[in-house]
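J.: A single structure is presented below for examination.
The values are calculated or read from the model by the stated rules, or taken from the named source; none is laboratory data. Given the structure is predicted, the values throughout are model-derived calculations rather than measurements. Note that each Cβ is placed from the backbone with ideal geometry, even for glycine, and that neighbours are counted across all protein chains shown. Accessible surface is based on the protein model in full, side chains and every heavy atom, while ligands, DNA and RNA are left aside. Shrake-Rupley method; radii C 1.70, N 1.55, O 1.52, S 1.80 Å.
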Amino acid sequence: MNIPSINKPRVVIIGAGFAGLSLARKLRNKNLQVVLIDKHNYHTFQPLLYQVATGGLEAGSIAYPIRKVIQEYKDFYFRLTSVKEIDTKNQKIISEIGELSYDYLVLATGSKTNFFGNKEIERNSMSMKTIPQSLNIRSLILENFEQAVLLTDEIEKNSLINFVLVGGGPTGVELAGALAEMKKAILQKDYPDLDIAKMQINLVQSGDRILNTMSEKSSSEAEKFLTDLGVKVWKNVRVTNYDGKTITTNSDFSFETATVIWTAGVQGALVSGLDRTAIIDKIERIKVNQYNQIDGYQNLFAIGDICVMETLKYPQGHPMMAQPALQQGDLLAKNLVLLVNKKSMKPFEYNDKGSMATIGRNLAVVDLPKYHFSGIFAWFVWMLVHLYSLIGFKNKAVVFLNWVYNYIRFDREGRLIIRPFKKKSFTAFTSDEV
(Lines give C-alpha, C1' and ligand atoms only; values in the text may rest on other atoms or scores of the structure.)
Protein backbone atom coordinates (compact mmCIF):
# COMPACT_ATOMS: atom_id res chain seq x y z
CA MET A 1 0.00 0.00 0.00
CA ASN A 2 3.07 2.22 0.04
CA ILE A 3 2.67 3.38 3.64
CA PRO A 4 6.02 4.42 5.18
CA SER A 5 7.26 2.62 8.29
CA ILE A 6 7.95 5.10 11.07
CA ASN A 7 8.64 4.88 14.79
CA LYS A 8 5.01 5.40 15.75
CA PRO A 9 2.22 2.91 16.47
CA ARG A 10 0.09 2.35 13.37
CA VAL A 11 -3.70 2.56 13.69
CA VAL A 12 -5.63 1.21 10.71
CA ILE A 13 -9.28 2.26 10.41
CA ILE A 14 -11.48 0.37 7.95
CA GLY A 15 -14.48 2.49 7.00
CA ALA A 16 -15.00 6.26 6.76
CA GLY A 17 -18.61 6.49 7.86
CA PHE A 18 -19.75 8.41 10.92
CA ALA A 19 -17.77 6.21 13.34
CA GLY A 20 -14.56 5.85 11.35
CA LEU A 21 -14.31 9.50 10.37
CA SER A 22 -15.10 10.64 13.91
CA LEU A 23 -12.27 8.46 15.21
CA ALA A 24 -9.83 9.65 12.55
CA ARG A 25 -10.49 13.33 13.24
CA LYS A 26 -10.00 12.87 16.98
CA LEU A 27 -6.65 11.09 16.43
CA ARG A 28 -5.12 14.18 14.86
CA ASN A 29 -1.77 15.13 16.46
CA LYS A 30 -1.78 12.13 18.82
CA ASN A 31 1.70 10.84 17.89
CA LEU A 32 0.24 7.95 15.90
CA GLN A 33 0.37 6.91 12.29
CA VAL A 34 -3.21 6.59 11.05
CA VAL A 35 -4.29 4.80 7.87
CA LEU A 36 -7.92 5.28 6.84
CA ILE A 37 -9.33 2.82 4.31
CA ASP A 38 -12.62 2.98 2.43
CA LYS A 39 -14.00 1.67 -0.87
CA HIS A 40 -15.20 5.19 -1.71
CA ASN A 41 -13.16 8.39 -1.64
CA TYR A 42 -15.98 10.29 0.03
CA HIS A 43 -17.98 10.27 3.25
CA THR A 44 -21.74 9.86 2.78
CA PHE A 45 -24.28 11.63 4.96
CA GLN A 46 -26.69 8.72 4.94
CA PRO A 47 -29.70 10.37 6.66
CA LEU A 48 -30.33 12.39 3.49
CA LEU A 49 -29.98 9.58 0.95
CA TYR A 50 -33.75 9.48 0.54
CA GLN A 51 -33.69 13.10 -0.70
CA VAL A 52 -31.20 12.15 -3.40
CA ALA A 53 -33.46 9.24 -4.37
CA THR A 54 -36.48 11.53 -4.73
CA GLY A 55 -34.78 14.44 -6.51
CA GLY A 56 -34.67 16.85 -3.59
CA LEU A 57 -30.87 17.00 -3.45
CA GLU A 58 -27.99 16.19 -5.75
CA ALA A 59 -25.55 13.50 -4.64
CA GLY A 60 -22.62 15.88 -4.29
CA SER A 61 -24.37 17.87 -1.57
CA ILE A 62 -24.37 14.95 0.89
CA ALA A 63 -20.89 13.64 0.07
CA TYR A 64 -17.54 15.02 1.23
CA PRO A 65 -14.01 14.06 0.05
CA ILE A 66 -12.19 12.00 2.66
CA ARG A 67 -8.80 13.32 1.60
CA LYS A 68 -9.99 16.88 2.20
CA VAL A 69 -10.83 15.98 5.80
CA ILE A 70 -7.34 14.65 6.56
CA GLN A 71 -5.20 16.67 4.12
CA GLU A 72 -3.60 18.76 6.88
CA TYR A 73 -3.19 15.90 9.36
CA LYS A 74 0.40 14.80 9.95
CA ASP A 75 1.13 11.07 9.50
CA PHE A 76 -2.35 10.42 8.12
CA TYR A 77 -2.91 8.34 4.99
CA PHE A 78 -5.97 7.36 2.98
CA ARG A 79 -6.21 4.36 0.67
CA LEU A 80 -9.07 3.69 -1.71
CA THR A 81 -9.74 -0.04 -1.64
CA SER A 82 -11.87 -2.84 -0.24
CA VAL A 83 -10.48 -5.04 2.52
CA LYS A 84 -10.94 -8.72 1.71
CA GLU A 85 -9.62 -10.32 4.88
CA ILE A 86 -8.02 -9.71 8.27
CA ASP A 87 -5.04 -11.85 9.25
CA THR A 88 -5.21 -11.54 13.02
CA LYS A 89 -2.34 -13.96 13.60
CA ASN A 90 0.16 -11.87 11.62
CA GLN A 91 -1.55 -8.55 12.41
CA LYS A 92 -2.18 -7.44 8.86
CA ILE A 93 -5.05 -6.72 6.52
CA ILE A 94 -5.36 -8.06 3.00
CA SER A 95 -6.97 -5.69 0.51
CA GLU A 96 -7.46 -5.42 -3.24
CA ILE A 97 -4.34 -3.24 -3.51
CA GLY A 98 -2.06 -5.16 -1.17
CA GLU A 99 -1.35 -5.99 2.45
CA LEU A 100 -0.71 -3.73 5.41
CA SER A 101 0.43 -4.51 8.95
CA TYR A 102 -1.14 -2.82 11.96
CA ASP A 103 -0.53 -2.27 15.63
CA TYR A 104 -4.17 -1.44 16.27
CA LEU A 105 -7.05 -2.21 13.94
CA VAL A 106 -10.48 -0.58 14.08
CA LEU A 107 -13.45 -1.93 12.11
CA ALA A 108 -15.94 0.80 11.27
CA THR A 109 -17.43 -0.84 8.21
CA GLY A 110 -21.03 -0.01 9.10
CA SER A 111 -24.01 -1.99 7.89
CA LYS A 112 -25.64 -3.24 4.73
CA THR A 113 -29.14 -4.29 3.73
CA ASN A 114 -30.36 -7.53 5.27
CA PHE A 115 -32.65 -9.58 3.01
CA PHE A 116 -32.83 -12.38 5.59
CA GLY A 117 -31.54 -14.97 3.13
CA ASN A 118 -34.25 -14.40 0.50
CA LYS A 119 -32.27 -14.29 -2.76
CA GLU A 120 -35.27 -13.53 -4.95
CA ILE A 121 -36.19 -10.45 -2.94
CA GLU A 122 -32.53 -9.40 -3.00
CA ARG A 123 -32.39 -9.83 -6.77
CA ASN A 124 -35.60 -7.98 -7.60
CA SER A 125 -35.85 -5.19 -5.02
CA MET A 126 -33.91 -1.97 -4.50
CA SER A 127 -31.70 -1.02 -1.56
CA MET A 128 -30.79 2.46 -0.32
CA LYS A 129 -27.59 2.37 1.71
CA THR A 130 -25.22 4.20 -0.68
CA ILE A 131 -25.27 7.15 -3.06
CA PRO A 132 -25.11 4.92 -6.19
CA GLN A 133 -28.11 2.96 -4.89
CA SER A 134 -30.03 6.20 -4.28
CA LEU A 135 -29.28 7.36 -7.81
CA ASN A 136 -30.50 4.01 -9.12
CA ILE A 137 -33.77 4.44 -7.24
CA ARG A 138 -34.20 7.97 -8.59
CA SER A 139 -33.60 6.80 -12.14
CA LEU A 140 -35.95 3.84 -11.79
CA ILE A 141 -38.77 5.98 -10.35
CA LEU A 142 -38.53 8.45 -13.22
CA GLU A 143 -38.10 5.73 -15.84
CA ASN A 144 -41.26 4.06 -14.53
CA PHE A 145 -43.26 7.21 -15.25
CA GLU A 146 -41.60 7.72 -18.63
CA GLN A 147 -42.60 4.21 -19.63
CA ALA A 148 -46.07 4.46 -18.09
CA VAL A 149 -47.02 7.36 -20.41
CA LEU A 150 -46.32 5.07 -23.39
CA LEU A 151 -48.56 2.22 -22.25
CA THR A 152 -52.26 1.66 -22.87
CA ASP A 153 -52.66 -1.44 -20.72
CA GLU A 154 -53.97 -0.20 -17.37
CA ILE A 155 -52.62 -3.15 -15.36
CA GLU A 156 -49.07 -2.67 -16.61
CA LYS A 157 -49.34 1.10 -16.20
CA ASN A 158 -50.57 0.81 -12.62
CA SER A 159 -47.76 -1.62 -11.79
CA LEU A 160 -45.23 0.97 -12.89
CA ILE A 161 -46.65 3.71 -10.66
CA ASN A 162 -47.33 1.50 -7.66
CA PHE A 163 -44.47 1.76 -5.13
CA VAL A 164 -43.97 -0.56 -2.19
CA LEU A 165 -41.57 0.32 0.61
CA VAL A 166 -40.81 -2.59 2.91
CA GLY A 167 -39.81 -1.53 6.40
CA GLY A 168 -41.35 1.12 8.65
CA GLY A 169 -38.19 2.52 10.17
CA PRO A 170 -36.96 6.11 9.61
CA THR A 171 -35.72 5.37 6.07
CA GLY A 172 -38.98 3.84 4.92
CA VAL A 173 -41.09 6.53 6.59
CA GLU A 174 -39.07 9.43 5.20
CA LEU A 175 -38.96 7.94 1.71
CA ALA A 176 -42.72 7.32 1.76
CA GLY A 177 -43.36 10.92 2.79
CA ALA A 178 -41.08 12.26 0.05
CA LEU A 179 -42.82 10.17 -2.63
CA ALA A 180 -46.21 11.33 -1.36
CA GLU A 181 -45.15 14.96 -1.71
CA MET A 182 -43.92 14.30 -5.26
CA LYS A 183 -47.31 12.81 -6.08
CA LYS A 184 -49.14 15.74 -4.54
CA ALA A 185 -47.27 18.66 -6.08
CA ILE A 186 -44.84 17.61 -8.81
CA LEU A 187 -45.68 14.48 -10.79
CA GLN A 188 -49.10 15.67 -11.87
CA LYS A 189 -47.41 18.66 -13.53
CA ASP A 190 -44.65 16.60 -15.12
CA TYR A 191 -47.02 13.93 -16.44
CA PRO A 192 -50.36 15.58 -17.26
CA ASP A 193 -51.22 12.65 -19.55
CA LEU A 194 -51.09 10.22 -16.60
CA ASP A 195 -53.75 9.78 -13.94
CA ILE A 196 -51.41 10.44 -11.01
CA ALA A 197 -54.28 9.82 -8.60
CA LYS A 198 -53.80 6.12 -9.34
CA MET A 199 -50.23 6.23 -8.06
CA GLN A 200 -49.95 4.15 -4.88
CA ILE A 201 -47.40 4.42 -2.11
CA ASN A 202 -47.53 1.41 0.21
CA LEU A 203 -45.48 1.20 3.40
CA VAL A 204 -45.32 -2.36 4.70
CA GLN A 205 -44.27 -3.00 8.30
CA SER A 206 -43.99 -6.46 9.86
CA GLY A 207 -44.54 -5.12 13.38
CA ASP A 208 -47.55 -3.49 14.97
CA ARG A 209 -46.28 0.08 14.54
CA ILE A 210 -43.92 2.12 12.38
CA LEU A 211 -40.87 3.87 13.86
CA ASN A 212 -40.80 1.22 16.55
CA THR A 213 -37.51 2.53 17.97
CA MET A 214 -39.20 5.82 18.81
CA SER A 215 -41.94 6.56 21.34
CA GLU A 216 -45.47 5.31 20.75
CA LYS A 217 -46.64 8.92 20.55
CA SER A 218 -44.21 9.72 17.75
CA SER A 219 -45.04 6.46 15.99
CA SER A 220 -48.77 7.21 16.07
CA GLU A 221 -48.35 10.78 14.88
CA ALA A 222 -46.00 9.76 12.06
CA GLU A 223 -48.56 7.22 10.85
CA LYS A 224 -51.28 9.86 10.88
CA PHE A 225 -49.07 12.26 8.90
CA LEU A 226 -48.38 9.56 6.29
CA THR A 227 -52.03 8.56 6.02
CA ASP A 228 -53.05 12.20 5.54
CA LEU A 229 -50.51 12.41 2.71
CA GLY A 230 -52.14 9.43 1.01
CA VAL A 231 -49.66 6.71 1.99
CA LYS A 232 -51.17 3.30 2.72
CA VAL A 233 -49.61 1.90 5.87
CA TRP A 234 -49.78 -1.89 6.24
CA LYS A 235 -48.90 -3.16 9.71
CA ASN A 236 -48.35 -6.73 10.90
CA VAL A 237 -47.69 -7.72 7.30
CA ARG A 238 -44.47 -9.56 6.48
CA VAL A 239 -43.20 -9.79 2.91
CA THR A 240 -42.29 -13.37 2.04
CA ASN A 241 -41.30 -13.03 -1.62
CA TYR A 242 -41.06 -10.71 -4.61
CA ASP A 243 -40.55 -12.07 -8.12
CA GLY A 244 -40.12 -8.70 -9.81
CA LYS A 245 -43.83 -8.34 -10.45
CA THR A 246 -45.86 -9.61 -7.47
CA ILE A 247 -45.23 -9.27 -3.74
CA THR A 248 -46.50 -12.10 -1.58
CA THR A 249 -46.96 -11.78 2.16
CA ASN A 250 -47.81 -13.85 5.20
CA SER A 251 -51.39 -12.64 4.90
CA ASP A 252 -54.04 -12.37 2.20
CA PHE A 253 -52.45 -9.15 0.93
CA SER A 254 -50.40 -9.09 -2.26
CA PHE A 255 -49.14 -6.22 -4.36
CA GLU A 256 -48.57 -5.87 -8.11
CA THR A 257 -45.63 -3.54 -8.51
CA ALA A 258 -42.55 -2.90 -10.61
CA THR A 259 -40.72 -1.20 -7.76
CA VAL A 260 -39.97 -2.52 -4.30
CA ILE A 261 -37.59 -0.57 -2.08
CA TRP A 262 -36.32 -2.75 0.76
CA THR A 263 -35.58 -0.96 4.05
CA ALA A 264 -36.74 -3.78 6.32
CA GLY A 265 -33.46 -4.67 7.97
CA VAL A 266 -29.71 -4.27 8.16
CA GLN A 267 -26.77 -6.45 9.07
CA GLY A 268 -23.13 -5.77 9.70
CA ALA A 269 -20.84 -5.22 6.72
CA LEU A 270 -18.43 -7.84 7.99
CA VAL A 271 -14.83 -8.43 6.90
CA SER A 272 -13.72 -12.08 7.00
CA GLY A 273 -10.93 -13.28 9.26
CA LEU A 274 -12.37 -12.86 12.74
CA ASP A 275 -13.12 -15.79 15.02
CA ARG A 276 -16.81 -16.65 14.57
CA THR A 277 -17.28 -16.66 18.35
CA ALA A 278 -16.95 -12.87 18.22
CA ILE A 279 -19.76 -12.56 15.66
CA ILE A 280 -23.51 -12.66 16.20
CA ASP A 281 -25.03 -14.91 13.54
CA LYS A 282 -27.88 -13.72 11.30
CA ILE A 283 -27.10 -10.04 11.87
CA GLU A 284 -23.33 -10.43 11.23
CA ARG A 285 -22.38 -7.89 13.88
CA ILE A 286 -19.32 -8.06 16.12
CA LYS A 287 -19.49 -8.43 19.90
CA VAL A 288 -17.41 -5.85 21.76
CA ASN A 289 -16.77 -5.02 25.41
CA GLN A 290 -17.29 -1.67 27.11
CA TYR A 291 -14.10 -0.34 25.52
CA ASN A 292 -15.19 -1.39 22.00
CA GLN A 293 -12.58 -4.17 22.01
CA ILE A 294 -13.63 -7.16 19.93
CA ASP A 295 -14.21 -10.25 22.05
CA GLY A 296 -11.05 -12.34 22.22
CA TYR A 297 -8.66 -9.63 20.92
CA GLN A 298 -6.59 -6.96 22.66
CA ASN A 299 -5.69 -4.70 19.73
CA LEU A 300 -8.81 -5.10 17.58
CA PHE A 301 -11.75 -2.75 17.97
CA ALA A 302 -15.15 -2.24 16.33
CA ILE A 303 -17.29 0.89 16.44
CA GLY A 304 -20.58 2.04 14.96
CA ASP A 305 -23.19 -0.15 13.28
CA ILE A 306 -20.85 -3.13 12.88
CA CYS A 307 -20.59 -3.70 16.64
CA VAL A 308 -22.87 -4.81 19.45
CA MET A 309 -22.06 -3.64 22.96
CA GLU A 310 -24.48 -5.33 25.34
CA THR A 311 -25.37 -3.33 28.45
CA LEU A 312 -28.18 -3.42 31.00
CA LYS A 313 -29.89 -0.48 29.30
CA TYR A 314 -29.16 -1.75 25.77
CA PRO A 315 -29.18 -5.57 25.93
CA GLN A 316 -29.35 -5.79 22.12
CA GLY A 317 -26.66 -3.18 21.61
CA HIS A 318 -26.98 0.53 20.93
CA PRO A 319 -29.31 1.83 18.19
CA MET A 320 -27.78 1.74 14.72
CA MET A 321 -27.76 5.52 14.30
CA ALA A 322 -25.21 8.26 13.83
CA GLN A 323 -25.00 9.38 17.47
CA PRO A 324 -23.73 6.11 19.00
CA ALA A 325 -21.24 5.81 16.13
CA LEU A 326 -19.92 9.35 16.63
CA GLN A 327 -19.65 8.96 20.38
CA GLN A 328 -17.88 5.61 20.13
CA GLY A 329 -15.41 7.08 17.65
CA ASP A 330 -14.69 10.04 19.93
CA LEU A 331 -14.08 7.88 23.01
CA LEU A 332 -12.01 5.26 21.20
CA ALA A 333 -9.61 7.96 20.05
CA LYS A 334 -8.97 8.84 23.70
CA ASN A 335 -8.74 5.18 24.69
CA LEU A 336 -6.20 4.36 21.98
CA VAL A 337 -3.93 7.11 23.28
CA LEU A 338 -4.37 5.76 26.82
CA LEU A 339 -3.65 2.22 25.63
CA VAL A 340 -0.47 3.27 23.80
CA ASN A 341 0.69 4.99 26.97
CA LYS A 342 -0.16 1.88 29.03
CA LYS A 343 -2.96 3.56 30.95
CA SER A 344 -6.44 2.28 31.78
CA MET A 345 -9.12 2.90 29.17
CA LYS A 346 -12.48 4.51 29.92
CA PRO A 347 -15.71 2.54 29.41
CA PHE A 348 -18.23 3.75 26.85
CA GLU A 349 -21.48 5.22 28.08
CA TYR A 350 -24.01 6.31 25.47
CA ASN A 351 -25.47 9.79 25.86
CA ASP A 352 -28.87 9.50 24.21
CA LYS A 353 -29.58 12.89 22.65
CA GLY A 354 -32.85 11.72 21.11
CA SER A 355 -34.11 10.62 17.72
CA MET A 356 -36.20 12.16 14.97
CA ALA A 357 -37.78 11.55 11.60
CA THR A 358 -39.31 13.81 8.99
CA ILE A 359 -42.43 12.85 7.09
CA GLY A 360 -42.81 15.81 4.79
CA ARG A 361 -43.28 19.53 4.49
CA ASN A 362 -43.82 20.97 8.01
CA LEU A 363 -44.17 17.42 9.33
CA ALA A 364 -41.70 15.65 11.61
CA VAL A 365 -41.53 13.85 14.94
CA VAL A 366 -38.83 14.33 17.58
CA ASP A 367 -38.10 12.29 20.69
CA LEU A 368 -35.84 13.90 23.25
CA PRO A 369 -34.98 12.16 26.54
CA LYS A 370 -37.74 14.05 28.37
CA TYR A 371 -39.87 15.59 25.63
CA HIS A 372 -41.76 14.47 22.53
CA PHE A 373 -43.10 16.88 19.96
CA SER A 374 -44.21 16.90 16.34
CA GLY A 375 -45.34 19.14 13.52
CA ILE A 376 -43.71 22.24 12.11
CA PHE A 377 -41.47 22.95 15.13
CA ALA A 378 -40.16 19.38 15.04
CA TRP A 379 -39.57 19.83 11.31
CA PHE A 380 -37.42 22.93 11.90
CA VAL A 381 -35.47 21.10 14.63
CA TRP A 382 -34.91 18.17 12.23
CA MET A 383 -33.57 20.54 9.55
CA LEU A 384 -31.25 22.40 11.91
CA VAL A 385 -29.77 19.19 13.35
CA HIS A 386 -29.13 17.73 9.90
CA LEU A 387 -27.64 20.96 8.54
CA TYR A 388 -25.32 21.20 11.54
CA SER A 389 -24.24 17.57 11.12
CA LEU A 390 -23.25 17.87 7.46
CA ILE A 391 -19.50 18.09 6.79
CA GLY A 392 -18.26 21.17 4.96
CA PHE A 393 -19.61 24.71 4.70
CA LYS A 394 -20.38 24.33 1.01
CA ASN A 395 -22.54 21.26 1.60
CA LYS A 396 -24.40 23.03 4.41
CA ALA A 397 -25.02 26.05 2.18
CA VAL A 398 -26.10 24.01 -0.85
CA VAL A 399 -28.49 21.86 1.15
CA PHE A 400 -29.95 24.89 2.94
CA LEU A 401 -30.52 26.79 -0.33
CA ASN A 402 -32.07 23.69 -1.91
CA TRP A 403 -34.45 23.30 1.01
CA VAL A 404 -35.43 26.98 0.89
CA TYR A 405 -36.02 26.82 -2.86
CA ASN A 406 -37.97 23.56 -2.61
CA TYR A 407 -40.09 24.99 0.19
CA ILE A 408 -40.94 28.20 -1.64
CA ARG A 409 -41.49 26.60 -5.03
CA PHE A 410 -42.82 23.28 -3.71
CA ASP A 411 -40.53 21.60 -6.22
CA ARG A 412 -37.69 19.08 -6.56
CA GLU A 413 -35.54 19.99 -9.52
CA GLY A 414 -33.19 17.05 -9.17
CA ARG A 415 -35.56 14.91 -11.27
CA LEU A 416 -32.78 13.90 -13.64
CA ILE A 417 -32.01 10.48 -15.12
CA ILE A 418 -28.25 10.97 -15.14
CA ARG A 419 -27.44 7.28 -15.07
CA PRO A 420 -30.23 5.13 -16.58
CA PHE A 421 -31.09 2.04 -14.58
CA LYS A 422 -33.00 -1.04 -15.67
CA LYS A 423 -33.78 -3.99 -13.48
CA LYS A 424 -33.62 -7.37 -15.16
CA SER A 425 -37.14 -8.09 -14.03
CA PHE A 426 -38.28 -4.76 -15.45
CA THR A 427 -38.80 -6.42 -18.84
CA ALA A 428 -41.81 -8.19 -17.35
CA PHE A 429 -43.68 -4.91 -17.83
CA THR A 430 -42.40 -4.09 -21.32
CA SER A 431 -45.14 -3.72 -23.90
CA ASP A 432 -44.84 -4.19 -27.66
CA GLU A 433 -46.47 -0.80 -27.96
CA VAL A 434 -43.46 1.00 -26.39
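J.: Diagonalise the Cα gyration tensor of segment 119-170 and give the resulting equivalent ellipsoid semi-axes, square root of 5 times each eigenvalue, largest first, whole Å. Each step should come with its number before you reach the end.
T.: Working: eigenvalues 104, 37, 22 Å².
The three semi-axes for segment 119-170 are 23, 14, 10 Å.
J.: Residue farthest toward the positive end of the dipole of the chain, with Cβ of Lys/Arg at +1 and Asp/Glu at -1: which of THR246, ILE261, THR277?
T.: THR277
J.: What does the charge dipole of the chain about its Cα centre add up to, to the nearest 20 debye, if the Cβ of each Lys and Arg holds +1 and the Cβ of each Asp and Glu holds -1?
T.: Dipole magnitude for the chain comes out near 1740 debye.
J.: Determine the share of the chain's accessible area contributed by carbon and sulfur atoms, expressed in whole percent, with a 1.4 angstrom probe. Before the final figure, lay out each step's value.
T.: Values: 10290 of 20250 Å².
C and S fraction of accessible area: 51 percent.
J.: Sorted from largest down, give the three principal axis spans of the alpha carbons of segment 281-434, whole angstrom values.
T.: Principal extents (Cα only, largest first): 69, 43, 31 Å.
J.: Relative contact order for the chain: what is it in percent, counting Cα pairs under 8 Å that are at least 6 residues apart?
T.: Values: 879 pairs, mean separation 89.3, N = 434.
That works out to 21 percent.
J.: Can you run phi through the Karplus equation (6.51, -1.76, 1.60; θ = phi - 60°) for segment 127-133 and list ³J(HN,Hα) in whole Hz, with x for Gly and Pro?
T.: 10, 9, 10, 9, 5, x, 5
J.: Taking θ as phi - 60°, what are the ³J(HN,Hα) couplings along segment 396-405 by the Karplus curve (6.51, -1.76, 1.60), each to the nearest whole Hz, with x for Gly and Pro?
T.: 4, 5, 5, 5, 4, 5, 4, 5, 5, 4
J.: Using the alpha carbon gyration tensor of segment 247-370, what are the three equivalent-ellipsoid semi-axes (square root of 5 times each eigenvalue), largest first, in whole Å? It would help to have the intermediate numbers written out before the result.
T.: Details: eigenvalues 229, 92, 28 Å².
The three semi-axes for segment 247-370 are 34, 21, 12 Å.
J.: Then there is this: In whole Å, what three semi-axes, largest first, describe the equivalent ellipsoid of segment 156-298 built from its Cα gyration tensor (square root of 5 times each eigenvalue)? Write down the numbers at each step before the final one.
T.: Values: eigenvalues 259, 64, 43 Å².
Its equivalent ellipsoid spans semi-axes of 36, 18, 15 Å.
J.: Within a Cβ distance under 14 Å of PRO4, other residues only, what is the Lys/Arg minus Asp/Glu net charge?
T.: Working: positive: LYS8, ARG10, LYS74, ARG79; negative: ASP75.
Here the charged neighbours net out to +3.
J.: While we're on this one: Rounded if a/c is under 1.5, else prolate if a/b beats b/c, else oblate: with a ≥ b ≥ c from the C-alpha gyration tensor eigenvalues square-rooted, which is segment 82-172? Walk me through the numbers before you get to the answer.
T.: Numbers: a/c = 3.55, a/b = 2.94, b/c = 1.21.
Judged from the Cα gyration tensor, segment 82-172 comes out prolate (a/c at least 1.5, a/b above b/c).
J.: Continuing with this model, one more query. Give the residue list of trypsin sites (Lys or Arg not before Pro) in segment 80-135 that are DSSP loop and have at most 15 other beta-carbon atoms within 10 angstrom.
T.: Numbers: sites: LYS84, LYS89, LYS92, LYS112, LYS119, ARG123, LYS129; in loops: LYS89, LYS129.
Answer in residue order: LYS89.
J.: Using a 1.4 angstrom probe and counting only protein chains, how large is the accessible area of TYR73 in Å², to 10?
T.: 30
J.: Same structure, new question: Convert 25 °C to kelvin, take the viscosity as 0.890 mPa s, use the Kirkwood radius over C-alpha pairs of segment 1-122 as Rh, and evaluate the Stokes-Einstein diffusion coefficient in µm²/s, rounded to a whole number. Let's see the in-between values first.
T.: Details: Rh = 15.9 Å.
It comes out at roughly 155 µm²/s.
J.: If you don't mind, another one. Could you compute how much accessible surface ASP103 exposes when probed at 1.4 Å, giving the result in Å² to the nearest 10?
T.: Accessible area of ASP103: about 70 Å².
J.: Taking segment 379-425, which trypsin sites (Lys or Arg not before Pro) meet the DSSP loop condition and have no more than 14 other C-beta atoms within 10 Å? Show your work: numbers first, answer last.
T.: Values: sites: LYS394, LYS396, ARG409, ARG412, ARG415, LYS422, LYS423, LYS424; in loops: ARG412, ARG415, LYS422, LYS423.
Taking segment 379-425 and a limit of 14 other Cβ atoms within 10 Å, the loop trypsin sites (Lys or Arg not before Pro) found are LYS422.
J.: Convex hull over the alpha-carbon atoms of segment 180-231: what's its volume per residue in Å³? Intermediate values should be presented prior to the final figure.
T.: On the way: hull volume 4.0 nm³, N = 52.
Value for segment 180-231: 77 Å³ per residue.
J.: LEU36's amide H: which non-local residues (gap 5+, or another chain) put their own amide H closer than 5 Å, with H modeled 1.01 Å from N in plane and none for Pro or chain starts?
T.: So LEU36 has HN proximity to ILE13, TYR77, PHE78, ARG79.
J.: Let me know the whole percent of all Cα-Cα pairs from the chain that are separated by more than 44 Å.
T.: Considering the chain, 14 percent of its Cα-Cα pairs are separated by more than 44 Å.
J.: Pairs to check: LYS353/LYS394; LYS112/LYS370; LYS313/LYS334; LYS313/LYS346. Give those whose C-alpha atoms are more than 21 Å from each other in this structure. Could you put the intermediate results ahead of the total?
T.: Working: LYS353/LYS394 26 Å; LYS112/LYS370 32 Å; LYS313/LYS334 24 Å; LYS313/LYS346 18 Å.
Table pairs above 21 Å Cα-Cα are LYS353/LYS394; LYS112/LYS370; LYS313/LYS334.
J.: With a 1.4 Å probe and all protein chains kept in place, how much accessible area does SER251 have, in Å² rounded to the nearest 10?
T.: 50
J.: In a GNM of the chain with a 10 Å cut-off on Cα contacts, which of LEU142, LEU312, LEU336 has the highest mean-square fluctuation?
T.: LEU312
J.: Net charge near ASN236: determine it from the other residues with C-beta under 11 Å of the C-beta of ASN236, scoring Lys and Arg +1 and Asp and Glu -1. The partial results should precede the final answer.
T.: Numbers: positive: ARG209, LYS235, ARG238; negative: ASP208.
Charge balance near ASN236 sits at +2.
J.: Give me a comma-separated list of calculated 3J(HN,Hα) values for segment 326-339, in order, Karplus coefficients 6.51, -1.76, 1.60 applied at θ = phi - 60°, integers in Hz, x for any Gly or Pro.
T.: Going residue by residue, I get 5, 5, 5, x, 4, 5, 5, 4, 5, 5, 5, 5, 5, 5 Hz, with x marking Gly and Pro.
J.: Identify the chymotrypsin sites (Phe, Trp or Tyr not before Pro) of segment 110-218 meeting these criteria: DSSP loop state and at most 15 other C-beta atoms within 10 Å of the C-beta. List each step's numbers first, then the result.
T.: Values: sites: PHE115, PHE116, PHE145, PHE163; in loops: PHE115, PHE116.
Within segment 110-218, the qualifying chymotrypsin sites (Phe, Trp or Tyr not before Pro) (loop, at most 15 other Cβ atoms within 10 Å) are PHE116.
J.: Can you give the longest run of the chain that contains no GluC sites (Glu not before Pro) sitting in a DSSP loop with at most 16 other Cβ atoms inside 10 Å? Present the calculation step by step, with values, prior to reporting the outcome.
T.: Numbers: sites that count: GLU72, GLU96, GLU284, GLU310, GLU349, GLU413, GLU433.
Here the longest segment lacking exposed loop sites spans 97-283.
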